[in-house]
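The values are calculated or read from the model by the stated rules, or taken from the named source; none is laboratory data. Note that the structure is predicted; figures quoted are calculated from it, not measured. Quick reminder, even Gly has a Cβ in these numbers, built from the backbone with ideal geometry, and neighbours come from all protein chains shown.
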Amino acid sequence: MNIRNLSKKIKAVNNVKKITQAMEMVSAIKMRKFQQTAIDAKPYQEFLDNSINNIVGGLEKNISKLLIPPVKSLNKTLAVLISSNKGLCAGFNINLIRYLSKNSDYKNTDVMTIGKKGASLANSIGYKIIADFSSLDSLENVSALFDFAVNQYEKGLYNKVVLFYNTFESFLRYVPTSYVLLPFSYEIKEKETDIKHFAKTYLIEPDPQEIIHSLLLNYLEEKIRFSIIQTQAGEHSARMIAMKNATDNAVDVLLNLTLLKNKLRQQKITYELLDMIVSKESVEFNK
């Protein structure tokens, strides 16, 4: 390898470093924005979870068809997969697809997607994509996606609808998670008797049968929105870290190439000096 080729490589790596630095800065700005949104949304979502669970916990299962699987439904699962539209975010999407494959059977699971990367990866490993609601703004298609999922569920085409997404925990940590949307089931830490006693303190007007179904629909749709917010925060965190690692790697490569270039330059200078000395000695010897 000569010095000219090394100089070209150093220039190329330096350009890569500048690009990754710029992308790291952009991702950091977006991460702070979406991270704050995710943090602000979490208390409201936790309060909503507890309220809905307490209300539904004291009611009969047949009060809404969202609480029980449809009669004569097929033994199939509909997975709602929320991922990113863009790559360059390390294992953010790959880990989610691995989690999906471990927790579902691709032969009996169809997939609806929000996020182009998730759709592409799920399709590549054998899942059937029945609908893709990816767009520049992932939140704008939530209502259409949810209406489609509920419609498929109520027709009996699926006996379960499961949400798969990445939960944002910190800018260094995101965890693949699943949540069963349909049939809806409540989970409360208190004892069953305490649940029913607490549920009776709610005054539901005009009648539970008239509003619980609509209430659950609104709640589950909001659950999808919250999952998208979590995914967006995790995506930009993962991309910022990936770009930082890429920048650090580019710096290491630059240092190594620069060191090699300096060694080659020094070697060339040494050889030239040796040639001059040998030529001088030869001339003096011939005299």
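Details
- For the stretch 113-161, a residue qualifies if it is among the small types (Gly, Ala, Ser) and touching a strand residue (DSSP E or B) at 6+ places or on another chain (Cβ under 7 Å), and the qualifying residues are GLY115, GLY118, ALA119, ALA122, ALA131, SER134, SER138, ALA149.
- Filtered residue count, the stretch 160-181, keeping only those that are of a type outside the set (Asp, Glu) and modelled with pLDDT under 90: 6
- Residue in the stretch 56-64 that is buried (at least 16 other Cβ atoms within 10 Å of the Cβ), polar (S, T, N, Q) and modelled with pLDDT of 90 or more present: no
- Some residue of the stretch 30-46 being within 17 Å of VAL150 (Cα to Cα), assigned by TED's automatic domain parsing to the domain that holds GLU210 and of a type in the set (A, V, I, L, M): no
- Test for ASN14: is it modelled with pLDDT under 85 and either assigned by TED's automatic domain parsing to the domain that holds SER170 or part of a helix (DSSP H, G or I) (or both): no
Residue by residue, here is whether (1) over 19 Å from VAL161 (Cα atoms); (2) touching a Cys at 6+ places or on another chain (Cβ under 9 Å); (3) not aliphatic (A, V, I, L, M) holds:
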{"site": "GLU221", "(1), (2), (3)": "no, no, yes"}
{"site": "GLY234", "(1), (2), (3)": "yes, yes, yes"}
{"site": "ARG239", "(1), (2), (3)": "yes, yes, yes"}
{"site": "LYS244", "(1), (2), (3)": "yes, no, yes"}
{"site": "ARG265", "(1), (2), (3)": "yes, no, yes"}
